[in-house]
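The values are calculated or read from the model by the stated rules, or taken from the named source; none is laboratory data. Treat the numbers as computed from the prediction; the structure is a model and nothing was measured. Here the Cβ is made from the backbone with ideal geometry for all residues, glycine too, and neighbour counts use every protein chain on show.
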């Protein structure tokens with residue numbers, strides 16, 4: 001019986017948290033959903049109590065078990081919806097993917113343009129050196 005009261009208190013605390021903070025962060029939402037799931041599951045765990053309730057002629061005991069099971073399923077649905085929303089957030093849209101691809105291509109184009117400029121400057125330097133060498137050889141040949 002103490003476990004059931006503890007579970008009800010935790011469930012009420014979680015329900016108050018969920019109701020009081022509608023704009024809470026996703027981490028807080030997930031933590032509260034897990035706590036609600038745990039709070040709904042705790043009363044169902046003690047096997048002796050469940051067996052006693054199942055054998056009990058009092059219909060209120062069976063209603064308690066049904067309520068705990070319903071609370072557990074509601075908390076599980078909330079947690080599942082939370083994970084689905086996280087999955088959607090992680091999945092970028094086509095427009096975002098295209099923008100990212102365009103940005104990557106532009107960066108690659110800039111890198112390649114810089115490489116081309118470096119290579120052109122090297123080629124110009126080599127041409128200059130070759131011209132100087134040719135001029136030296138021509139002057140030497142003219143001397144002879």
**Item:** Test for residue 129: is it surrounded by 10 or more Cβ atoms within 10 Å (Cβ to Cβ) and under 41 Å from the mean Cα position of the chain (by Cα)
**Value:** no
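Residues are listed down the side, and each one gets a yes or a no for (1) within 26 Å of the chain's Cα centre (by Cα); (2) part of a helix (DSSP H, G or I); (3) surrounded by fewer than 10 Cβ atoms within 10 Å (Cβ to Cβ):
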position: 86; (1), (2), (3): yes, yes, no
position: 95; (1), (2), (3): yes, yes, yes
position: 102; (1), (2), (3): yes, yes, no
position: 110; (1), (2), (3): no, yes, no
position: 114; (1), (2), (3): no, yes, no
position: 119; (1), (2), (3): no, yes, no
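Here is a yes/no grid of residues against (1) at pLDDT below 95; (2) out of contact with any strand residue (DSSP E or B) (no Cβ under 8 Å at 6 or more places or on another chain); (3) under 29 Å from residue 26 (Cα atoms):
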| position | (1), (2), (3) |
| --- | --- |
| 42 | yes, yes, yes |
| 61 | yes, yes, no |
| 67 | yes, yes, yes |
| 90 | yes, yes, yes |
| 102 | no, yes, no |
| 136 | yes, yes, no |
| 140 | yes, yes, no |
